C-alpha cells in the first residue's frame with residue numbers, strides 16, 4: 001500500500017492534486033449568494049404595494065413608511081381592510097379640521113420598530129395614548145425623557161421595586177429600553193385627539209390592535225402577556241393560555257393600584273416563565289442606562305412634512 | 001383566494017422528496033405567475049430553488065402574492081397519504097394563511113380525502129443568486145449522474161469534476177483508493193434522453209461534496225436529463241427541468257486551504 005503511494009508521489013502532478021484534495025475545505029454558499037440582512041425599505045414597500053392603487057398607497061403612507069418591515073409583512077392585509085381604510089380617512093379628516101393628534105405621525109408605530117415580531121417576548125397592553133403635550137410617543141405607559149413620568153408609570157415602577165428589589169427606579173419615564181429588549185408596549189388605540197381622552201376609541205384601532213395580538217397569539221409561542229385593568233383583560237381574552245403565559249392584575253392607575261397591582265409580581269413571574277421556556281430573561285433594570293435613545297426612523301423619512 | 005390543481009399528483013410527491021432532505025422549513029411563495037420556493041440548507045453550503053409555473057396547473061388561481069410557511073417534514077407526511085394517481089389540489093386563504101388545505105381525488109374510485117396542514121411563520125430573506133455565464137454546461141442522463149455519485153461515494157466524500165471540450169470526468173480519491181468515470185458527448189437522435197452534450201467556454205476543474213450531490217440526485221425521477229453548470233471558483237448549478245417548471249440546486253465548491 002505504502003509502496004504504491006510512493007509510486008504515485010513520483011508524479012509531481014498527482015501529488016499536487018492529492019495535496020489539493022486532502023487540504024480542501026468546504027466553502028460556504030453565502031460567499032456568492034447575497035443574503036441582504038436589511039432589505040432596502042423601498043424594495044419591501046414595492047413588494048407590498050404591488051397591487052395597491054395610488055389612492056390606497058397615499059392613504060397608507062404612514063403605515064408603509066414607518067411601520068417595521070416584519071410587522072408590515074404580518075399586517076399588510078389587515079391595513080387594506082375596509083375598516084382600516086375608514087379609520088385612515090377619519091384621521092385625515094381630523095387633520096384637515098386642524099385637530100391636534102397624539103402621538104406625532106412618525107411615532108404612531110414606534111412600538112413596531114422597537115419590537116419586531118421576531119424579538120417579542122413580553123406584551124404589555126395599554127388603552128389610550130397619553131393626551132397631553134409631548135407625552136405620547138407610540139409606546140404604552142412610556143413618555144419621552146424630558147417629560148415627568150405619569151402616575152400610572154410611577155406605580156409600575158413601585159410594583160417592580162416590590163417585586164425585584166434590585167430594580168432601580170429611573171428618574172425618567174422612557175421605556176424604550178424595555179421595548180428594545182422584547183417588551184412590546186402596545187396601546188389599544190394608537191392615536192388620540194389632544195386633551196380629549198379616548199376621543200379616537202371605537203374608530204377601528206381596536207380591531208387593528210386585536211389583529212396584532214392575534215398574530216402574536218397564533219404565530220408565536222411562549223410569550224408573556226401582562227394585562228392590567230379590565231380593559232386589557234377583556235382585550236386579551238382570546239389569547240391561548242396553554243401556549244402563552246397570561247398575567248392579570250388591576251390597572252396601575254392611582255385609583256386602583258392599591259387593589260393588588262403593587263404586589264402582582266408580574267415581572268419576576270415573566271422572567272421565570274421565559275427562563276423555563278429556554279428564553280433569555282428581560283433585564284427590567286435596563287431603563288437606567290443609555291439615556292436619550294433616539295427613536296429609530298426609516299432612513300427615507302426625516303421629518304413630518306413628508307408625510308403630511 | 002389561492003387554489004392550484006395538479007393532475008399528476010405524483011409529481012408533487014417527488015418534488016417534495018427532492019427538497020425535504022436539504023431544508024426542514026421553507027416558504028412556498030405563491031403569486032399570479034406560479035409557485036416558487038427558495039431555501040438554503042442549515043450549513044449554508046447548498047441552496048434549492050424550485051419554480052412551478054401557473055400554466056402547469058389546471059386551474060390555477062392566486063389573487064395576490066403571499067407565502068405559505070411549511071414544515072416540509074409535516075407536509076411530506078400528509079403527501080404520503082396521497083395516491084400516485086391522485087389529482088392534488090392545494091387551497092389556502094391568501095389573507096389569513098394559517099393553514100394549507102390539500103385535497104386528494106382519485107377519479108377511478110371516487111375517493112376524496114382532505115387534509116389541512118398548519119402553517120408556520122418562517123422568516124426568510126429572499127436570496128439573490130447572481131446570474132452567471134457558466135464556463136461549462138453539461139447535459140447528461142439524470143440516471144447516469146445519479147449512478148456516478150452513488151458509485152464514487154464508495155471511494156470518497158468528495159468528487160472532482162473536470163470538464164473539457166470532449167470529455168467530462170468525475171474523479172474521487174480516498175483512503176481505499178481512487179476511482180473515476182469519464183463520459184464523452186454523444187447524441188442519439190432517436191433517444192434524446194440518453195444524449196450527453198458539453199458546451200464549453202473554458203475548461204474547468206472543481207471539487208464538490210458527494211454527500212450533497214447525491215442528495216441533489218433525489219431529483220432524478222423528475223427529469224430524464226440533468227444539467228450541470230460550472231465556472232471556476234463558483235457554485236455548481238444542478239438543474240432538473242420539468243414540463244411545469246424546474247428545480248435547481250446550487251452547491252459551493254470545496255476550495256484549497258491556502
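Here is a check on your reading of the model: is residue B:144 exposed (fewer than 14 other Cβ atoms within 10 Å of the Cβ) and either more than 14 Å from every other protein chain (Cβ to nearest Cβ) or in a loop (DSSP other than H, G, I, E, B) (or both)? Taking the combined requirement at face value, the residue does not satisfy it. Inside segment B:58-87, residues that are within 14 Å of chain A (Cβ to nearest Cβ), closer than 15 Å to residue B:117 by Cα and surrounded by fewer than 19 Cβ atoms within 10 Å (Cβ to Cβ) make up a count of 1. Inspection of segment B:169-182 identifies no residue that is within 11 Å of chain A (Cβ to nearest Cβ), in a loop (DSSP other than H, G, I, E, B) and in contact (Cβ under 8 Å) with a residue 60 or more places away in the chain. Does segment B:148-156 contain at least one residue that is outside the structural domain of residue B:12 (by the TED database), more than 22 Å from the chain's Cα centre (by Cα), surrounded by fewer than 15 Cβ atoms within 10 Å (Cβ to Cβ) and closer than 30 Å to residue B:6 by Cβ? Within segment B:148-156 (the criterion being outside the structural domain of residue B:12 (by the TED database), more than 22 Å from the chain's Cα centre (by Cα), surrounded by fewer than 15 Cβ atoms within 10 Å (Cβ to Cβ) and closer than 30 Å to residue B:6 by Cβ), the answer is no, since none of the residues qualifies. Residues in segment B:210-258 that are assigned to a strand (DSSP E or B), within 14 Å of another protein chain (Cβ to nearest Cβ) and buried (at least 20 other Cβ atoms within 10 Å of the Cβ): B:229, B:230, B:236, B:237, B:238, B:248, B:249, B:250, B:251, B:254. Out of B:12, B:90, B:52, B:6, I need the residue that is crowded, with 16+ Cβ neighbours inside 10 Å, out of contact with any helix residue (DSSP H, G or I) (no Cβ under 7 Å at 6 or more places or on another chain) and under 13 Å from residue B:104 (Cβ atoms). Which one? Selected residue: B:90, the only one of B:12, B:90, B:52, B:6 that is crowded, with 16+ Cβ neighbours inside 10 Å, out of contact with any helix residue (DSSP H, G or I) (no Cβ under 7 Å at 6 or more places or on another chain) and under 13 Å from residue B:104 (Cβ atoms). The single condition among (1) in contact with a helix residue (DSSP H, G or I) (Cβ under 6 Å, 6 or more places away or on another chain); (2) assigned to a strand (DSSP E or B) that residue A:246 does not satisfy is (1).
With respect to residue A:79, is the statement that it is touching a helix residue (DSSP H, G or I) at 6+ places or on another chain (Cβ under 6 Å) and buried (at least 19 other Cβ atoms within 10 Å of the Cβ) true? Criteria met by residue A:79.
Rundown of residues vs (1) assigned to a helix (DSSP H, G or I); (2) farther than 17 Å from residue B:237 by Cα; (3) touching a strand residue (DSSP E or B) at 6+ places or on another chain (Cβ under 8 Å); (4) within 14 Å of chain A (Cβ to nearest Cβ), yes/no style:
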site: B:151; (1), (2), (3), (4): yes, yes, yes, no
site: B:156; (1), (2), (3), (4): no, yes, yes, yes
site: B:190; (1), (2), (3), (4): no, yes, no, no
site: B:202; (1), (2), (3), (4): no, no, yes, no
site: B:205; (1), (2), (3), (4): no, no, yes, yes
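Against the conditions (1) in contact with a helix residue (DSSP H, G or I) (Cβ under 7 Å, 6 or more places away or on another chain); (2) more than 30 Å from residue B:121 (Cα to Cα); (3) surrounded by fewer than 18 Cβ atoms within 10 Å (Cβ to Cβ), residue A:146 satisfies every one except (1). If you go through segment B:119-129 and keep only what is modelled with pLDDT of 70 or more and within 7 Å of another protein chain (Cβ to nearest Cβ), you end up with B:121, B:127, B:128, B:129.
Contact map, segment A:253-279: first residue without any contact (Cβ under 8 Å) to a residue 40 or more places away in the chain and on the phi > 0 side of the Ramachandran plot, second residue in a loop (DSSP other than H, G, I, E, B) and crowded, with 17+ Cβ neighbours inside 10 Å, Cβ cut-off under 6 Å, separation 6 or more or different chains; pairs are A:260/A:250.
Among the numbered conditions (1) part of a loop (DSSP other than H, G, I, E, B); (2) touching a residue at least 60 places away in the same chain (Cβ under 8 Å), the only one that residue B:30 does not meet is (1).
So that you can scan it fast, the table gives a plain yes or no per residue for (1) free of Cβ contacts under 8 Å to residues at least 60 places away in the same chain; (2) more than 20 Å from residue A:274 (Cα to Cα); (3) surrounded by 15 or more Cβ atoms within 10 Å (Cβ to Cβ):
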residue: A:134; (1), (2), (3): yes, yes, no
residue: A:153; (1), (2), (3): no, yes, yes
residue: A:160; (1), (2), (3): no, no, yes
residue: A:166; (1), (2), (3): no, no, no
residue: A:170; (1), (2), (3): no, yes, yes
residue: A:174; (1), (2), (3): no, yes, yes
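Segment A:163-238 holds helices (runs of 4 or more DSSP H) entirely within its bounds, and those carrying 2 or more residues that are closer than 15 Å to residue A:286 by Cα map to A:176-180. Scanning segment A:135-162 for residues that are farther than 23 Å from residue A:203 by Cβ and in a loop (DSSP other than H, G, I, E, B) yields A:143, A:144, A:145, A:146, A:147, A:148, A:149, A:150.
If you go through segment B:40-57 and keep only what is at pLDDT 90 or above and either within 14 Å of another protein chain (Cβ to nearest Cβ) or assigned to a strand (DSSP E or B) (or both), you end up with B:45, B:46, B:47, B:48, B:49, B:50, B:51, B:52, B:53.
The values are calculated or read from the model by the stated rules, or taken from the named source; none is laboratory data. Please read all numbers here as calculations on a predicted model, not as lab measurements. Quick reminder, even Gly has a Cβ in these numbers, built from the backbone with ideal geometry, and neighbours come from all protein chains shown.
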